[in-house]
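Read the structure below first, then the notes.
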Amino acid sequence: MKKEVILYKKRQCHLCDVALDQLKLLQDELKFTLNIIDIEADETLMERYGLFIPVVEIGGEVVQYGHIDENVIKMRLQL
């Protein structure tokens, strides 16, 4: 079964763009479902993640936020 990765992001966020690029590269290698959620479309998500974006969630668990480390994500996906 494919794992699901959620990237919480917003527009005009350089770290979000970098995280998305990293996740797309990893997706080619590790075959997971990537869902991208714009937190600006949801007031609750803006309150929850506004200061932490980008936020990467795997299997319902926040794995990383801010500067995303590709190796951490890769290790978590291989569990």
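The values are calculated or read from the model by the stated rules, or taken from the named source; none is laboratory data. This structure is a prediction, so every number in the text was calculated from the model and none was measured. Neighbour counts run over all protein chains shown; Cβ positions are idealised from the backbone, glycine included. The protein model used for the area step is the full one, side chains on, heavy atoms only, and it has no ligands, DNA or RNA in it. Shrake-Rupley method; radii C 1.70, N 1.55, O 1.52, S 1.80 Å.
The helix-based estimate of mean residue ellipticity at 222 nm for the chain, built from -39,500 (n - 2.57) per DSSP H run of four or more residues and divided by its residue count, is -12000 deg cm²/dmol to the nearest 500. Here the simple spin-label model places points 7 Å from the Cα toward Cβ, and for Lys74 and Glu61 these points are separated by 2.0 nm. Straight-distance candidates among the lysines for linking to Lys2, with alpha-carbon spacing under 17 Å and chain neighbours fewer than 8 residues away dropped: Lys24, Lys31, Lys74. Within a straight-line Cα-Cα reach of under 16 Å, Lys10 can be paired with the following aspartates and glutamates, leaving aside sequence neighbours fewer than 8 residues apart in one chain: Asp21, Asp38, Glu40, Asp42, Glu43, Glu47, Glu57.
Estimate the FRET efficiency between Glu40 and Lys2 by the formula 1/(1 + (r/R0)^6), using the beta-carbon distance for r and 25 Å for R0, to the nearest 0.05. In this case the efficiency is close to 0.35.
Expressed as a whole percent, the proportion of Cα-Cα pairs in the chain lying more than 17 Å apart is 37%. What residue among Gln27, Gln12, Gln64 shows peak mean-square fluctuation when the chain is described by a Gaussian network model with Cα springs under 10 Å? Result: Gln12 has the largest fluctuation of those listed. DSSP beta bridges confined to the chain are antiparallel in about 55 percent of cases.
Solvent-accessible surface (1.4 Å probe) assigned to Val72 amounts to roughly 50 Å². Relative to the longest principal axis of the Cα atoms of the chain, the long axis of helix 14-30 makes an angle of roughly 20 degrees.
Within the shell defined by Cβ-Cβ distances under 9 Å, the residues around Cys16 carry a net charge of +2, with Lys and Arg each +1 and Asp and Glu each -1.
Considering only trypsin sites (Lys or Arg not before Pro) in DSSP loops that have at most 15 other Cβ atoms within 10 Å, the longest stretch of the chain without any of them is 32-79.
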